[in-house]
Amino acid sequence: MFTEQPPNSERSPQARRQAQTREAILQNARQMIVAQGIEGFSIRALADSIDYTPGALYKYFSSKEALVDAVRADCFNELNNFIAGEVVTAVSASDMLLSGGLAYIEYARQYPREYHLMFNMEPSHATSGEQREMAMRTLLQIVQLGVAQGQIVPQGTYDAAAIAYHCWAIVHGIASLQTTVLLDEREDLPAVNRLILQKVIEGFTP
């Protein structure tokens, strides 16, 4: 579980500088990984690109793996915020599921390399920690809200948790296809995606 940090205004000047430096390292690492891939990324190459020494970078990240994982966690946080920005304007649970699902797919379309960095590597702290739990917890809460409001109807073992997992599996599958084999396919895919999600949601609404 990530520890909560005090507001930036309450930190000491040294702590603020350290946080800014860490963020700069993180963003430069992300740019390099997105441009060159994991294979072309190294602490030394990153240090050279931002005029640091490798030793200085190791003060902030203990290894290449730790830095890559921090980039992945940052992307998960960005995805969660991207979805939250769309869901907040929705009125009903069904609308939240639709707008959230479409936002998920849109994030993958806009940031395909970050998306694959997040999901196409071995599990790590970034994928099994707070970021994943936050995404699943939010989705489950939306489904539970729909159940409480009578907008979503569970059926036996196809309960709220199963419905939430179903929704995530659908949007993840669409996002993965659109960022790989369907990357250059039909221009009407956004409309088709909306229709697919609407049909899925209709399957568990009265």
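The values are calculated or read from the model by the stated rules, or taken from the named source; none is laboratory data. Just so it is clear, the structure is predicted and the values come from calculations on it, not from any experiment. Glycine gets a Cβ as well: all are built from the backbone with ideal geometry, and neighbour counts include every protein chain shown.
Here are the numbers for the structure shown:
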read-out: Test: residue in the stretch 47-66 that is under 30 Å from residue 190 (Cα atoms) and crowded, with 19+ Cβ neighbours inside 10 Å; value: no
read-out: Top-ranked residue of the stretch 1-11 - restricted to ones that are exposed (fewer than 10 other Cβ atoms within 10 Å of the Cβ) and in a loop (DSSP other than H, G, I, E, B), ranked as modelled with the highest pLDDT; value: 7
read-out: Qualifying positions in the stretch 155-206 - more than 23 Å from residue 138 (Cα to Cα), among the β-branched types (Val, Ile, Thr) and crowded, with 16+ Cβ neighbours inside 10 Å; value: 179
read-out: Single residue of 14, 27, 18, 31 found to be assigned to a helix (DSSP H, G or I), surrounded by 14 or more Cβ atoms within 10 Å (Cβ to Cβ) and outside the structural domain of residue 180 (by TED's automatic domain parsing); value: 18
read-out: Conditions (1) modelled with pLDDT of 90 or more; (2) in contact with a Lys or Arg (Cβ under 8 Å, 6 or more places away or on another chain); (3) crowded, with 18+ Cβ neighbours inside 10 Å; number of the one not met by residue 76; value: (1)
read-out: Top-ranked residue in the stretch 94-106 [being in contact (Cβ under 8 Å) with a residue 40 or more places away in the chain and in contact with a Ser or Thr (Cβ under 9 Å, 6 or more places away or on another chain); ranked as nearest to residue 138 (Cα to Cα)]; value: 100
read-out: Filtered residue count, the stretch 34-62, keeping only those that are part of a loop (DSSP other than H, G, I, E, B) and closer than 20 Å to residue 115 by Cβ; value: 2
read-out: Complete set of residues in the stretch 118-154 that are modelled with pLDDT under 80, in a loop (DSSP other than H, G, I, E, B) and surrounded by 14 or more Cβ atoms within 10 Å (Cβ to Cβ); value: 124, 129
read-out: Which listed residue, of 66, 70, 103, is closer than 17 Å to residue 167 by Cβ, at pLDDT 90 or above and assigned to a helix (DSSP H, G or I); value: 103
